[in-house]
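A short worksheet on the structure shown next.
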Amino acid sequence: MKIAAFIGIALVIFTCCKKDKDKITISGTLNDYATIQPVSGLQVEIQAQLVGTSTYQSSYTTLQTMASGSDGTFSFTFEEPRATSYRIRVYGTNYRATEHVFSPEQISAGSYSCNFRVPAYGWIMTKVINMPPVLPEDQMTIRYFNVPAGLIDACSSTQFHFQAGAGVNDTIPACYIPGGFTLVIEKNNGVMIQYDTVVIPVNDTLVHSVLY
């Protein structure tokens with residue numbers, strides 16, 4: 001009886017003293033890349049590369065999902081898992097999927113905050129037309145002047161050169177620029193440099209014409 005009572009007391013003490021898992025909070029705000037205004041209704045996922053009892057997972061596991069609020073904010077609170085890396089993934093109608101990766105070491109005092117600029121879909125196609133009368137010296141060099149840096153598959157900022165020719169109607173193929181972004185197009189005809197300013201439509205293609 002004494003032994004049984006001792007075991008019972010030990011179990012109670014062990015249960016009462018068991019430490020709860022630490023909780024962490026991951027939060028942030030989603031702003032439109034072009035307008036810097038809050039974006040509501042986008043899906044936000046918090047994911048982790050988990051560590052099992054003896055294995056490491058290279059893929060990410062989704063821990064929680066929510067929609068960004070009317071002010072563009074999101075917040076997750078959960079028990080801290082054994083993880084080697086975390087990833088916040090954002091996606092939704094008219095917007096390109098955006099990701100942000102951070103390590104457990106970047107979580108300070110149980111919290112981590114990250115603000116996103118999420119780019120909307122948008123494209124531009126430029127038609128380059130040599131107008132009559134066509135002269136041998138006619139030429140046009142075009143460059144997308146202020147292409148946002150760091151965006152995958154965005155338009156190139158290199159120069160496109162066009163030479164005169166009867167009935168010339170060249171095209172710079174459609175390429176990606178965030179919807180709502182104000183793009184500056186540099187035009188150089190060999191005599192002077194001029195600039196066109198255009199606003200890229202959201203989830204649509206702007207067809208812009210340059211005449212020379």
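For this structure, a couple of remarks:
- Rounded to 10°, Cα long-axis angle of helix 2-17 versus longest principal axis of the chain: 20 degrees
- Cβ-derived FRET efficiency at R0 30 Å, Val51 paired with Thr77, nearest 0.05: 0.90
- Remark: Cys155, Cys175 ranked as Cys175, Cys155, counting other beta-carbon atoms within 10 Å and listing the fewest first.
- Taking 0.36 nm per residue of separation and subtracting the current Cα-Cα distance, fully stretching the chain between Thr84 and Thr197 would add 36.2 nm.
- Highest-MSF residue in the chain out of Pro178, Pro38, Pro119 [GNM, Cα springs under 10 Å]: Pro38
- A simple spin-label model places pseudo-atoms 7 Å from Cα toward Cβ; at Asn31 and Ile107 they are separated by 2.7 nm.
- Taking each residue as 0.36 nm, the span from Glu99 to Arg117 lengthens on full extension beyond its C-alpha to C-alpha distance by 5.4 nm.
- Stretching Val184 away from Asn146 to a fully extended chain increases their span by 13.1 nm, per 0.36 nm per residue minus the current alpha-carbon distance.
- Share antiparallel - DSSP beta bridges, segment 123-211, percent rounded to 5: 70 percent
- The alpha-carbon positions of segment 21-118 define a convex hull whose volume is 93 Å³ per residue.
- Spacing of the two label points (7 Å from each Cα toward its C-beta) at Ser59 and Asp204, in nm: 4.0 nm
- Computed over neighbours whose Cβ is under 13 Å from that of Gly72, the net charge equals -1, Lys and Arg +1, Asp and Glu -1.
Read-outs throughout are calculated quantities, based only on the coordinates presented, and are distinct from any laboratory measurement. Quick caveat, the model's predicted, so the values are computed rather than measured. Here the Cβ is made from the backbone with ideal geometry for all residues, glycine too, and neighbour counts use every protein chain on show.
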